[in-house]
1. Counting just the residues of the stretch 339-349 that are surrounded by fewer than 20 Cβ atoms within 10 Å (Cβ to Cβ) and either touching a helix residue (DSSP H, G or I) at 6+ places or on another chain (Cβ under 7 Å) or touching a residue at least 60 places away in the same chain (Cβ under 8 Å) (or both), which one comes out farthest from residue 221 (Cα to Cα)?
2. Of the residues in the stretch 235-272, how many are farther than 18 Å from residue 141 by Cα and surrounded by 18 or more Cβ atoms within 10 Å (Cβ to Cβ)?
3. Could you say whether any residue in the stretch 334-345 is more than 24 Å from residue 163 (Cβ to Cβ) and within 13 Å of the ligand (Cβ to nearest atom)?
4. Anything in the stretch 285-337 that is surrounded by 15 or more Cβ atoms within 10 Å (Cβ to Cβ) and over 24 Å from residue 152 (Cβ atoms)? List them, or say none.
5. So in the stretch 160-179, with the set limited to residues that are in a loop (DSSP other than H, G, I, E, B) and either surrounded by 20 or more Cβ atoms within 10 Å (Cβ to Cβ) or not assigned by TED's automatic domain parsing to the domain that holds residue 199 (or both), which one is modelled with the lowest pLDDT?
6. Just name the residue that is nearest to residue 317 (Cα to Cα) out of those in the stretch 261-288 that are away from the ligand (no atom under 12 Å from the Cβ) and in contact with a strand residue (DSSP E or B) (Cβ under 8 Å, 6 or more places away or on another chain).
7. How many of the residues in the stretch 386-402 are out of contact with any helix residue (DSSP H, G or I) (no Cβ under 8 Å at 6 or more places or on another chain) and touching a residue at least 12 places away in the same chain (Cβ under 8 Å)?
8. Counting only residues that are in a helix (DSSP H, G or I) and at pLDDT below 95, which one in the stretch 299-334 is farthest from residue 260 (Cα to Cα)?
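The values are calculated or read from the model by the stated rules, or taken from the named source; none is laboratory data. Just so it is clear, the model here is predicted, and its values are computed rather than measured. For neighbour counting, all protein chains shown are included, and Cβ atoms are generated from backbone atoms with ideal geometry for every residue, glycine included.
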Ligand SMILES: NC(=O)c1ccc[n+]([C@@H]2O[C@H](COP(=O)([O-])OP(=O)(O)OC[C@H]3O[C@@H](n4cnc5c(N)ncnc54)[C@H](OP(=O)(O)O)[C@@H]3O)[C@@H](O)[C@H]2O)c1
């Protein structure tokens, strides 16, 4: 008889090997919550089940223990190997309750196993959420490895928070987060209202309906001369960089208000100065996020929620590697700058940036201090902040023209044609 947890393809393979002699049935037993983790694993297991053919049957249960027991009874499969999918994201809130739930689970499973079999959770069972009512919780959007969300999640994790590290593609989240006991991985595309609602439900189940910190971090770049921009595409940038922030705040407000929590909105220094080359849409989406964040700060303060607006400067990340290289259309006034734009999009803007972890540590420190309002953070943040304050407009224009010399290049190209 075999029993244990299944968290990935390898575990599933092991489970099959363990039950090799019993060709009848393998029960994959899941919890009531249809969590991101399960959603991620199910397609893999479905695909593997297909590969197995007629030889083996795999039962997939999405139900609570009473329902599962009833189904087992109904199908007369109570002597079947039982495998559960349970990792951190889909269980009950507090350690005490969890302990009881685990004990009960063991008892129920014991009933399904032959008398001499013992329930011994495999090591990954230790990944169950260890949470007391005092444990601080944080949810962060856009935690793909190598980005700022990744750094933030690591810093909050190291500070002892229970971290809900979310991403639209959870497989992009680093192993050091997925394997941490105080991290729950959730699938969350911030453009999907259903996904946001599911995240609220999952967090509510695990924390008992509270959230101490919400970090709106996910974001997307857009590089294209204003004259050549597709307005439809441009709106999508605003959807991610501005509207999704508000949607997340609306959805999580009750959980934050309950504990006088905090909101952190990751905006950009590009929302203050027209930084970069041909980044008008990104820059203005970040400007909207800054003013939105600062206004929500005033609106939420009377409800007991603090808001921190990160005016972020250079931090090393994948954003330029992820950027689909802009193709300047035929007939554009800027067509001759294709090579220049490609060069500018090679990540050089982050060359002097701090690391994601350094960024995360600084942000966590401010959250812990209870800082509200704008906080400049990143490589060269102090000079950027004071430069913006002190430099007259004409000098700032000169500085930007020297950093992003496309006007000069265009002029040279025009002259050489004459
Ligand atoms: N790096 C800097 O120097 C810098 C400076 C100023 C501001 N920022 C801001 O910092 C934040 C993080 O950026 P980054 O530099 O770390 O870039 P990144 O490595 O590209 O990370 C962006 C993250 O946002 C996620 N994301 C995009 N669309 C999403 C959606 N619809 N739903 C959920 N997640 C989504 C990405 O997911 P995928 O991996 O699936 O695409 C990724 O996890 C952004 O808001 C950015 O504007 C960065």
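1. Of all residues in the stretch 339-349, those surrounded by fewer than 20 Cβ atoms within 10 Å (Cβ to Cβ) come to 339-343, 346-348.
Still in the running and either touching a helix residue (DSSP H, G or I) at 6+ places or on another chain (Cβ under 7 Å) or touching a residue at least 60 places away in the same chain (Cβ under 8 Å) (or both): 340-341, 346-347.
On the way: 340: 17, 341: 14, 346: 13, 347: 12 Å.
Top of the filtered list is 340.
2. Within the stretch 235-272, residues that are farther than 18 Å from residue 141 by Cα and surrounded by 18 or more Cβ atoms within 10 Å (Cβ to Cβ) number 4.
3. First, the residues of the stretch 334-345 that are more than 24 Å from residue 163 (Cβ to Cβ): 334-345.
Imposing the further condition that a residue be within 13 Å of the ligand (Cβ to nearest atom) reduces the set to 345.
Yes - at least one qualifying residue is present in the stretch 334-345.
4. Step one: list which residues in the stretch 285-337 are surrounded by 15 or more Cβ atoms within 10 Å (Cβ to Cβ), which gives 285-290, 292-294, 296-297, 300, 305-320, 323, 326, 328, 332, 334, 336-337.
Result: 326, 328, 332, 334, 336, 337.
5. To start, the set of residues in the stretch 160-179 that are in a loop (DSSP other than H, G, I, E, B) comprises 160-161, 168-169, 173-174, 179.
Keeping just the survivors that are either surrounded by 20 or more Cβ atoms within 10 Å (Cβ to Cβ) or not assigned by TED's automatic domain parsing to the domain that holds residue 199 (or both) gives 161, 173.
On the way: 161: 95, 173: 92.
Out of the qualifying residues, it is 173.
6. Going through the qualifying residues, I end up with 263.
7. As a first pass, look at the stretch 386-402 and keep what is out of contact with any helix residue (DSSP H, G or I) (no Cβ under 8 Å at 6 or more places or on another chain): 386, 389-390, 392-395, 397-398, 400, 402.
Now drop any that are not touching a residue at least 12 places away in the same chain (Cβ under 8 Å), which leaves 400.
Qualifying residue count for the region: 1.
8. Here is the first cut: in the stretch 299-334, the residues in a helix (DSSP H, G or I) are 299-303, 319-322.
The next check asks that each one be at pLDDT below 95; those that pass are 319-322.
Values: 319: 33, 320: 36, 321: 38, 322: 36 Å.
The qualifying residue farthest from residue 260 (Cα to Cα) is 321.
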